[in-house]
1. For region 60-67, state whether one or more residues are outside any loop (DSSP other than H, G, I, E, B) and of a type in the set (A, V, I, L, M).
2. Being surrounded by fewer than 22 Cβ atoms within 10 Å (Cβ to Cβ), in contact (Cβ under 8 Å) with a residue 24 or more places away in the chain and polar (S, T, N, Q) is the requirement here; does residue 13 meet it?
3. Looking at the structure I just gave you, is residue 110 within 24 Å of residue 143 (Cα to Cα), without any contact (Cβ under 8 Å) to a residue 24 or more places away in the chain and not basic (Lys, Arg)?
4. Name the pairs: first residue in region 59-75 and farther than 17 Å from residue 98 by Cα, second residue among the hydroxyl-bearing types (Ser, Thr, Tyr), Cβ to Cβ under 7 Å, at least 6 apart or on different chains?
5. Which condition does residue 96 not pass, out of (1) touching a Ser or Thr at 6+ places or on another chain (Cβ under 7 Å); (2) in a strand (DSSP E or B), if it passes all the others?
6. Do we find that residue 81 is crowded, with 20+ Cβ neighbours inside 10 Å and in contact with a strand residue (DSSP E or B) (Cβ under 9 Å, 6 or more places away or on another chain) in this structure?
7. Which residues, taken from region 20-37, are more than 11 Å from residue 103 (Cβ to Cβ) and within 12 Å of the chain's Cα centre (by Cα)?
8. Is at least one residue of region 43-59 basic (Lys, Arg) and either more than 14 Å from the chain's Cα centre (by Cα) or assigned to a loop (DSSP other than H, G, I, E, B) (or both)?
Amino acid sequence: MTVKIISNSESETLELGRELGKKILPGITVLLYGDLGTGKTVFVRGVGEAMQAHGVRSPSFTLINEYETKTGNFLIHSDLYRLDENGVRSLGIEEYERSGDSILFVEWAERWPNPPAENVIKIFFKALNENQREIKILFTGEKAKKIITDNEYFSDRLLP
């Protein structure tokens, strides 16, 4: 299942993240793709706001940030931009993915040699101009698809 959205501003990208954050479930991995400055971290900050995970910021230098949410689960935010394949393997993000009690967000996911295939949301960010972003979201696995069926914001934007 695929959703396509045009965001006209940073605040719209933030709102998109909030919408996902309202329905996202533990055990989901969100893989984020897109060039620098296309809105990946802004989107995750919106998810964090919806989940009451305060202070979400870019993990570019820390590589992984952990935030406790209002439900007691964890939002895990990782950035693989500065890592090669060996660095990604030694980071151990698979442990977060396997834990089942957290939600894992991975920026620069194309650098992850073996990302999970089930219960995954892939989000592709593309700059159309200085303000506009094309955001394509692919949902795989029953748990991920439930997010669409439980939220009109996404179900109304499904591609045929």
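1. Checking region 60-67: at least one residue is outside any loop (DSSP other than H, G, I, E, B) and of a type in the set (A, V, I, L, M).
2. Considered against the rule, which asks whether it is surrounded by fewer than 22 Cβ atoms within 10 Å (Cβ to Cβ), in contact (Cβ under 8 Å) with a residue 24 or more places away in the chain and polar (S, T, N, Q), residue 13 comes out as no.
3. no
4. 59/78; 60/81; 63/78
5. Failing condition for residue 96: (2).
6. No: the conditions fail for residue 81.
7. 31, 32, 33, 34
8. Checking region 43-59: at least one residue is basic (Lys, Arg) and either more than 14 Å from the chain's Cα centre (by Cα) or assigned to a loop (DSSP other than H, G, I, E, B) (or both).
The values are calculated or read from the model by the stated rules, or taken from the named source; none is laboratory data. Predicted model, so just to flag it, every value in this text is computed and none were measured. FYI the Cβ positions are ideal-geometry reconstructions off the backbone, even for glycines, and counts take in every protein chain you see.
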